[in-house]
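Everything below concerns the one structure shown next.
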Amino acid sequence: MLRKTGIPTSDDLQSVTPDKERLLEGPVAIIECFNEIPCDPCFYSCPFKAIKKFSDINDKPELDYSKCTGCGNCIASCPGLAIFVVDYTKNRLSLPYEFLPLPSVGDKVWGLNRAGKSICQVEVIKVRDPDKNDKTAVISIKLPKKYLMEVRHIKVGDPNE
Amino acid sequence: MRINKHPILDFNRGKKITFQYKGQEIKAYQGETIAAALYAAGIKVLKKSNKYQRPRGLFCAIGNCASCYMAVNGIPHVKTCITKVKQDMVVEEETGKGDIID
Amino acid sequence: MILLINTDLLVIGGGPAGMTAALKAAKKGAEVIIVERYHELGGQLIKQTHRFFGSKNEQAGTRGIDIAQGLTKEIQNMSVIKVLTEATAQGYYEDKIVTVSYQNKFRKIRAKRIIIATGASEKMMLFLNNDLPGVYGAGAIQTLMNLYGILPGKKVIMVGSGNIGLIVSYQLLQAGVEVKAVIEADSEIGGYLVHASKIRRIGVPIYTGYSVKSAIGKSSVKGAEIIKLDRNWQMIAGTERFIKADTICLAVGLRPLVSLLIQADCAMAYVPELGGDVPIRDENLKTTNDQIFVAGDAAGIEEATAAMLEGEIAGLKAASEIGYLSKDVITESRRLKKELRKLRNGPISRNIRKGLSKVRGDDNVKKNRYSHLR
């Protein structure tokens with residue numbers, strides 16, 4: 001299905017989501033990478049070496065959830081923009097964002113799911129300066145807990161307006 | 001239409017210049033190609049095909065396809081997609097197969 | 001101005017493969033000339049705003065535009081590399097001279113070794129009214145958008161869901177352009193799934209099993225008629241749909257630019273997995289013409305990291321053949337080839353490996369040139 005639609009199924013997602021216990025402990029990275037492609041920048045980005053070293057550069061990344069602190073360093077490093085950090089203790093999600101206009105802290109914007117459908121309003125909590133990450137902003141939003149594994153993009157406004 | 005703000009790129013455009021096309025003065029920036037400047041001015045049709053007079057414009061924009069030929073300062077068959085604009089250049093739509101000049 | 005130039009290494013094409021080849025050879029002491037027909041070095045990298053995949057050792061995670069800038073700066077700092085831009089290689093002659101048109105003059109270059117890194121050109125697609133203004137190759141869209149900061153249109157239909165189609169769709173969205181749909185003839189998405197997911201979560205639909213039947217418009221594109229395909233790639237009558245758009249972007253594949261290689265009498269083979277006609281080559285990227293190497297997309301359509309590694313392998317071998325020997329040549333060459341093999345080891349490179357198995361020339365091939373394949 002993923003190969004036809006570009007949208008990971010719940011089975012796909014289960015393979016990259018830690019168990020409930022870990023999710024309730026604090027922020028953790030979810031690496032939504034399902035292809036074996038030659039790529040390794042995420043390994044180098046983790047200050048805690050939570051992403052395992054690649055024995056073969058084509059392997060899918062493997063995250064040691066016990067080492068992951070949810071710091072989000074990996075979010076901007078992924079060329080596929082496929083890494084997100086979810087925090088079930090604070091109902092927060094951090095995602096990569098490379099569009100204009102950038103939202104401001106406090107803005108209420110639409111949260112989009114993996115099919116691009118607006119599913120809930122979210123509040124922008126933090127906007128990490130894109131210039132600090134080679135033009136990739138990392139945006140943290142507060143949203144209803146039930147959508148933490150659903151929202152993967154935000155809709156801010158028409159940049160040409 | 002030119003892009004003003006871009007999330008990744010900064011467009012450091014050169015000096016503002018103008019050139020001539022069909023009696024119009026077209027605004028451009030130094031560093032742009034003729035085809036790009038015409039495109040920004042909304043001019044997409046650059047010539048007509050020989051036999052059926054079908055409108056033609058850019059296709060590859062890199063000098064491979066010959067879809068963008070125009071006469072520039074009297075010189076025929078100039079690849080406008082890889083030729084930079086110069087102040088007061090005269091760009092004309094060619095008719096037929098172009099003319100060899102002396 | 002002397003019209004015949006002698007040099008150690010001539011590199012034709014200043015994209016990623018050509019640049020790394022020139023740098024590698026120059027670092028070993030060779031005098032290098034790069035002939036590039038565009039006004040700046042970098043090839044297709046200069047339009048790539050996205051972060052590259054591959055190995056961090058070969059610049060993965062860095063944006064293509066920055067990779068190009070970095071390599072260009074390195075080249076500018078090496079006085080043994082002479083760069084001729086807006087210079088077009090015209091032909092390769094029996095006396096091993098390469099002719100170049102540069103600054104309105106016709107020049108001749110005699111080099112001890114030549115690396116042809118001329119890249120690729122975009123394939124065209126057959127459908128009614130495909131010559132309408134508003135139908136562009138993906139590269140053209142990137143040129144307008146990323147080089148000149150000009151909006152290619154307001155509503156785009158992207159044809160092709162390989163990496164280029166998916167990446168350029170994303171770049172269009174970043175420029176504020178609406179991508180109405182990505183149309184893919186195959187039953188599955190062709191490119192990396194992360195690229196597809198990126199545009200799906202922004203709301204861009206991907207239609208697999210569809211093709212373009214016709215562009216609609218009189219003097220420019222007003223939309224496209226798309227149509228469903230059956231399992232045999234045939235159009236299914238009655239399934240036509242109209243999508244309103246002012247731009248149709250074709251990202252339907254690349255073909256290696258190999259005319260100089262053919263002219264130089266290199267043995268060629270038609271290999272669909274590599275994009276078309278490509279030269280037979282050995283493990284050092286040398287063709288069946290003892291003077292000529294090939295690297296990058298001209299050797300087979302792949303991507304930038306492979307192009308850069310091939311450039312380094314060819315540059316290293318060319319320099320040592322010219323006489324710039326150094327102790328570490330063999331270990332260095334082995335390391336580069338190992339990296340290239342590792343890169344191509346995964347399931348995604350299956351087709352590339354298949355294609356490459358058809359073009360590796362050993363001594364037998366060098367003796368019996370496959371002229372019937374040309």
Requested in this report: Could you look through the stretch B:1-37, keep only residues that are more than 10 Å from chain C (Cβ to nearest Cβ), within 22 Å of B:Ala66 (Cβ to Cβ) and not in a strand (DSSP E or B), and pick out the one that is modelled with the highest pLDDT?
Outcome: B:Ile34
Report task. Could you please let me know if C:Ser219 is part of a loop (DSSP other than H, G, I, E, B) and either without any contact (Cβ under 8 Å) to a residue 12 or more places away in the chain or among the polar types (S, T, N, Q) (or both)? Result -> yes
Query raised in the report: So which residues in the stretch B:38-64 are more than 7 Å from chain C (Cβ to nearest Cβ), of a type in the set (Lys, Arg) and either in contact with a Phe, Trp or Tyr (Cβ under 8 Å, 6 or more places away or on another chain) or in a strand (DSSP E or B) (or both)?
Result: B:Lys47, B:Lys48
Query raised in the report: Among the helices (runs of 4 or more DSSP H) contained in the stretch A:5-99, which hold 2 or more residues that are in contact with an Asp or Glu (Cβ under 6 Å, 6 or more places away or on another chain) and in contact (Cβ under 8 Å) with a residue 12 or more places away in the chain?
Result: none
Requested in this report: For C:Thr20, work out the one condition from (1) crowded, with 24+ Cβ neighbours inside 10 Å; (2) more than 28 Å from C:Tyr148 (Cα to Cα) it doesn't fulfil.
Outcome: (2)
**Report entry** In the stretch C:274-308, residue modelled with the lowest pLDDT [restricted to those that are part of a helix (DSSP H, G or I) and of a type in the set (Gly, Ala, Ser)]
**Finding:** C:Ala304
Report summary line: Just one listed residue, out of C:Gln69, C:Gln90, is surrounded by fewer than 21 Cβ atoms within 10 Å (Cβ to Cβ) and within 14 Å of chain A (Cβ to nearest Cβ), and it is C:Gln69
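Would it be correct to say that C:Met124 is aliphatic (A, V, I, L, M), in contact with a helix residue (DSSP H, G or I) (Cβ under 7 Å, 6 or more places away or on another chain) and within 29 Å of B:Lys47 (Cα to Cα)? First the steps, then the outcome.
On the way: aliphatic (A, V, I, L, M): yes; in contact with a helix residue (DSSP H, G or I) (Cβ under 7 Å, 6 or more places away or on another chain): no; within 29 Å of B:Lys47 (Cα to Cα): yes.
Against the criterion (aliphatic (A, V, I, L, M), in contact with a helix residue (DSSP H, G or I) (Cβ under 7 Å, 6 or more places away or on another chain) and within 29 Å of B:Lys47 (Cα to Cα)), C:Met124 does not qualify.
Is there a residue in the stretch C:187-206 that is among the acidic types (Asp, Glu), within 13 Å of chain A (Cβ to nearest Cβ) and either free of Cβ contacts under 8 Å to residues at least 24 places away in the same chain or more than 29 Å from B:Leu9 (Cα to Cα) (or both)? Spell out how you get there, then give the answer.
Step one: list which residues in the stretch C:187-206 are among the acidic types (Asp, Glu), which gives C:188.
From the residues that got through so far, the ones that are within 13 Å of chain A (Cβ to nearest Cβ) too are C:188.
Next, from what is left, pick out any that are either free of Cβ contacts under 8 Å to residues at least 24 places away in the same chain or more than 29 Å from B:Leu9 (Cα to Cα) (or both): C:188.
Checking the stretch C:187-206: at least one residue is among the acidic types (Asp, Glu), within 13 Å of chain A (Cβ to nearest Cβ) and either free of Cβ contacts under 8 Å to residues at least 24 places away in the same chain or more than 29 Å from B:Leu9 (Cα to Cα) (or both).
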**Report entry** Unmet requirement for A:Gly72, which otherwise passes all of (1) touching a Ser or Thr at 6+ places or on another chain (Cβ under 6 Å); (2) within 30 Å of C:Ser349 (Cβ to Cβ)
**Finding:** (2)
Query raised in the report: Is it the case that some residue within the stretch C:9-27 is modelled with pLDDT of 95 or more, part of a loop (DSSP other than H, G, I, E, B) and of a type in the set (Lys, Arg)?
Result: no
Report summary line: Within the stretch B:1-37, residues touching a Phe, Trp or Tyr at 6+ places or on another chain (Cβ under 9 Å) and buried (at least 21 other Cβ atoms within 10 Å of the Cβ) come out as B:Ile3, B:Ala28, B:Glu32, B:Thr33, B:Ile34, B:Ala36, B:Ala37
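Yes/no per residue for (1) hydroxyl-bearing (Ser, Thr, Tyr); (2) closer than 20 Å to C:Ser101 by Cα:
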residue: C:Asn6; (1), (2): no, yes
residue: C:Ala17; (1), (2): no, no
residue: C:Gly29; (1), (2): no, no
residue: C:Tyr38; (1), (2): yes, yes
residue: C:Leu41; (1), (2): no, yes
residue: C:Thr49; (1), (2): yes, no
residue: C:Gly61; (1), (2): no, no
Query raised in the report: For C:Asn130, all conditions in the list (1) under 22 Å from the mean Cα position of the chain (by Cα); (2) in a loop (DSSP other than H, G, I, E, B); (3) modelled with pLDDT of 95 or more; (4) away from chain A (no Cβ under 14 Å) hold save one; what is the number of the exception?
Result: (1)
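Kindly check whether there is at least one residue in the stretch C:86-95 that is hydrophobic (A, V, I, L, M, F, W, C), outside any strand (DSSP E or B) and more than 22 Å from C:Leu343 (Cβ to Cβ). Explain how you work it out, then say what you get.
First, pick out the residues of the stretch C:86-95 that are hydrophobic (A, V, I, L, M, F, W, C): C:87, C:89.
Remaining after also requiring outside any strand (DSSP E or B): none.
Scanning the stretch C:86-95 turns up no residue that is hydrophobic (A, V, I, L, M, F, W, C), outside any strand (DSSP E or B) and more than 22 Å from C:Leu343 (Cβ to Cβ).
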Report summary line: Residue hits (the stretch A:14-43; surrounded by fewer than 17 Cβ atoms within 10 Å (Cβ to Cβ) and within 13 Å of chain C (Cβ to nearest Cβ)) are A:Glu36
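Any idea which of A:Pro144, A:Pro130, A:Pro96 is farther than 28 Å from A:Thr9 by Cβ and either more than 10 Å from chain C (Cβ to nearest Cβ) or not hydroxyl-bearing (Ser, Thr, Tyr) (or both)?
Working: A:Pro144 fails: farther than 28 Å from A:Thr9 by Cβ; A:Pro96 fails: farther than 28 Å from A:Thr9 by Cβ.
It is A:Pro130.
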Query raised in the report: Restricted to the stretch A:100-114, and to residues that are within 14 Å of chain C (Cβ to nearest Cβ) and in a strand (DSSP E or B), which residue is farthest from A:Val127 (Cα to Cα)?
Result: A:Leu112
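Just checking, does the stretch C:309-319 include any residue being outside any strand (DSSP E or B), surrounded by fewer than 20 Cβ atoms within 10 Å (Cβ to Cβ) and not hydroxyl-bearing (Ser, Thr, Tyr)?
Here is the first cut: in the stretch C:309-319, the ones outside any strand (DSSP E or B) are C:309-319.
Applying the additional criterion that residues be surrounded by fewer than 20 Cβ atoms within 10 Å (Cβ to Cβ) yields none.
Looking through the stretch C:309-319, none of the residues is outside any strand (DSSP E or B), surrounded by fewer than 20 Cβ atoms within 10 Å (Cβ to Cβ) and not hydroxyl-bearing (Ser, Thr, Tyr).
Anything in the stretch C:320-352 that is assigned to a loop (DSSP other than H, G, I, E, B) and hydroxyl-bearing (Ser, Thr, Tyr)? List them, or say none. Before the answer, list the steps.
Initially, the stretch C:320-352 is screened for residues assigned to a loop (DSSP other than H, G, I, E, B), giving C:323-328, C:344-346.
Answer for the stretch C:320-352, where residues must be assigned to a loop (DSSP other than H, G, I, E, B) and hydroxyl-bearing (Ser, Thr, Tyr): C:Tyr324, C:Ser326.
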Query raised in the report: Counting just the residues of the stretch C:201-227 that are touching a Ser or Thr at 6+ places or on another chain (Cβ under 8 Å) and buried (at least 18 other Cβ atoms within 10 Å of the Cβ), which one comes out farthest from A:Gly6 (Cα to Cα)?
Result: C:Val221
Query - Where a residue in the stretch B:84-102 is within 21 Å of C:Tyr148 (Cβ to Cβ) and at pLDDT below 95 and its partner, wherever it lies, is surrounded by 12 or more Cβ atoms within 10 Å (Cβ to Cβ) and hydroxyl-bearing (Ser, Thr, Tyr), with Cβ under 7 Å and at least six apart - result: B:Lys84/B:Thr33
Report summary line: Residues of the stretch C:113-150 being charged (D, E, K, R) and touching an Asp or Glu at 6+ places or on another chain (Cβ under 8 Å), in sequence order, are C:Arg113
Report summary line: Exception for B:Lys48 within (1) surrounded by fewer than 17 Cβ atoms within 10 Å (Cβ to Cβ); (2) under 19 Å from C:Ala175 (Cα atoms); (3) of a type in the set (D, E, K, R) falls at (2)
Query raised in the report: Could you list, in sequence order, the residues of the stretch C:101-119 that are surrounded by 22 or more Cβ atoms within 10 Å (Cβ to Cβ) and not in a loop (DSSP other than H, G, I, E, B)?
Result: C:Ile109, C:Ala111, C:Arg113, C:Ile114, C:Ile115, C:Ile116
Report task. Mind telling me which of the residues C:Gln69, C:Gln44, C:Gln59, C:Gln90 ends up being of a type outside the set (D, E, K, R), under 28 Å from A:Asp40 (Cβ atoms) and free of Cβ contacts under 8 Å to residues at least 60 places away in the same chain? Result -> C:Gln69
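Taking the criterion of being in contact (Cβ under 8 Å) with a residue 24 or more places away in the chain, touching a His at 6+ places or on another chain (Cβ under 7 Å) and outside any loop (DSSP other than H, G, I, E, B), would at least one residue in the stretch B:68-77 satisfy it? First the steps, then the outcome.
Keep residues of the stretch B:68-77 that are in contact (Cβ under 8 Å) with a residue 24 or more places away in the chain, which gives B:68-72, B:74-76.
Adding the requirement that they be touching a His at 6+ places or on another chain (Cβ under 7 Å) leaves B:69.
Next cut, outside any loop (DSSP other than H, G, I, E, B) only: B:69.
Yes, the stretch B:68-77 contains at least one residue that is in contact (Cβ under 8 Å) with a residue 24 or more places away in the chain, touching a His at 6+ places or on another chain (Cβ under 7 Å) and outside any loop (DSSP other than H, G, I, E, B).
The values are calculated or read from the model by the stated rules, or taken from the named source; none is laboratory data. It should be emphasised that the depicted structure is a prediction, and the values quoted were computed from it without experimental measurement. We place every Cβ from the backbone using ideal geometry, glycine too, and count neighbours over all the protein chains shown.
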